[in-house]
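Here is the structure we will look at, set down as structure tokens.
The values are calculated or read from the model by the stated rules, or taken from the named source; none is laboratory data. This structure is a prediction, so every number in the text was calculated from the model and none was measured. Here Cβ is always computed from backbone atoms with ideal geometry, including for glycine, and neighbour counts include all displayed protein chains.
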Ligand code: SER
């Protein structure tokens, strides 16, 4: 059985991915790390250690000591926060990835790596509807530039050193367990919490802002599917386009109102509007479908029901 390391286990993706990985590989085989404490089920359900991926010496010791075979590197500064501290965000996003790629190159036991990219690798000159896998990429954010550079490094380490690194360009991710922090697509999580807590929400994107979004269970399924796919089936070593539902804040608002009729929304776009306006409306993920069979199962209606129910339970307990 492989030993798996998850970096960023306290985060929006990590806190849900770990639960699924433990079901597959067994709790003792999933080694979780972060620079902050994760939710209690992650802490108590298997090994957890505070570890900073920027510390390359500690990182390599951890990997050798625990005989790690697969690494999921999920730690990153998201798009909105990165604009506030550009040089710092660039350093964190790039150096952490380089540390992981170097370890994978040096340590033979490390067989596979997962590193997330994003729709942020695209920019205002990219075709916005059904954005193809191969297209113009002129991102205007630090986050997007770091993800695009990261994709090129992943492809480079695969071609030059045979490092089996796999990646997805996630759309906005919607989840109820752990809230994201500092992203442009975060409104699509906040809106559910505020609908329940306050019955009203002030949205930092305009009402008609279309972005592709994916419900977390679909994102986790796609991630594990990609990691379990036969190496020979994978034709993309930068990062696979991954589609989702194309939705606007107004559509989410209307869907929530079917459950909470009094829910009101006010629009007050901030600096993140320009970021959102530079990203695709929808993404063509045909290559992921053909290579390893990705499929999305949740639409806005189904997702909204689950989000409201789960957040209500969480806030009650
Ligand atoms: N969800 C991310 C963000 O908004 C994009 O990958 O920053």
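For the range 140-174, the candidate set comprises residues that are within 11 Å of the ligand (Cβ to nearest atom) and outside any helix (DSSP H, G or I); within that set, the residue that is surrounded by the most Cβ atoms within 10 Å (Cβ to Cβ) is 174. Filtered by the rule that a residue be assigned to a loop (DSSP other than H, G, I, E, B) and under 17 Å from residue 118 (Cα atoms), the range 175-213 gives 175, 180, 181, 182, 183, 184, 185, 186, 210. Scanning the range 63-85 for residues that are more than 14 Å from the ligand (Cβ to nearest atom) and either within 22 Å of residue 170 (Cα to Cα) or touching a strand residue (DSSP E or B) at 6+ places or on another chain (Cβ under 9 Å) (or both) yields a count of 8.
Residues that are within 26 Å of residue 120 (Cβ to Cβ), part of a loop (DSSP other than H, G, I, E, B) and touching a residue at least 24 places away in the same chain (Cβ under 8 Å) do occur in the range 13-21, at least one of them. Just one of the listed residues (261, 249) is within 16 Å of the ligand (Cβ to nearest atom) and modelled with pLDDT of 95 or more, namely 249.
Among the residues of the range 242-255, is any in contact with a helix residue (DSSP H, G or I) (Cβ under 9 Å, 6 or more places away or on another chain), more than 24 Å from residue 196 (Cβ to Cβ) and surrounded by 19 or more Cβ atoms within 10 Å (Cβ to Cβ)? Among the residues of the range 242-255, at least one is in contact with a helix residue (DSSP H, G or I) (Cβ under 9 Å, 6 or more places away or on another chain), more than 24 Å from residue 196 (Cβ to Cβ) and surrounded by 19 or more Cβ atoms within 10 Å (Cβ to Cβ), which makes the answer yes. The residues of the range 153-174 that are touching a residue at least 12 places away in the same chain (Cβ under 8 Å) and over 11 Å from the mean Cα position of the chain (by Cα), listed by number, are 153, 154, 155, 157, 158, 159, 161, 163, 164, 165, 166.
Within the range 270-281, residues that are closer than 10 Å to residue 205 by Cα sit with their Cβ atoms under 7 Å from residues that are more than 8 Å from the ligand (Cβ to nearest atom) and part of a helix (DSSP H, G or I), at 6+ positions apart or across chains, in these pairs: 271/83. In summary, residue 181 fulfils each of the numbered conditions (1) within 13 Å of the ligand (Cβ to nearest atom); (2) at pLDDT 95 or above with the single exception of condition (2). If the condition is being surrounded by fewer than 22 Cβ atoms within 10 Å (Cβ to Cβ), touching a residue at least 60 places away in the same chain (Cβ under 8 Å) and away from the ligand (no atom under 14 Å from the Cβ), then the range 192-210 contributes 193, 196, 197, 199, 200, 202, 206, 207, 210. Can you tell me which residue is surrounded by the fewest Cβ atoms within 10 Å (Cβ to Cβ) among those in the range 90-120 that are under 17 Å from the mean Cα position of the chain (by Cα) and in a loop (DSSP other than H, G, I, E, B)? The qualifying residue surrounded by the fewest Cβ atoms within 10 Å (Cβ to Cβ) is 116. Of the residues making up the range 264-275, those that are within 16 Å of the ligand (Cβ to nearest atom), within 25 Å of residue 129 (Cβ to Cβ) and in contact with a helix residue (DSSP H, G or I) (Cβ under 9 Å, 6 or more places away or on another chain) are 269, 271, 272, 275.
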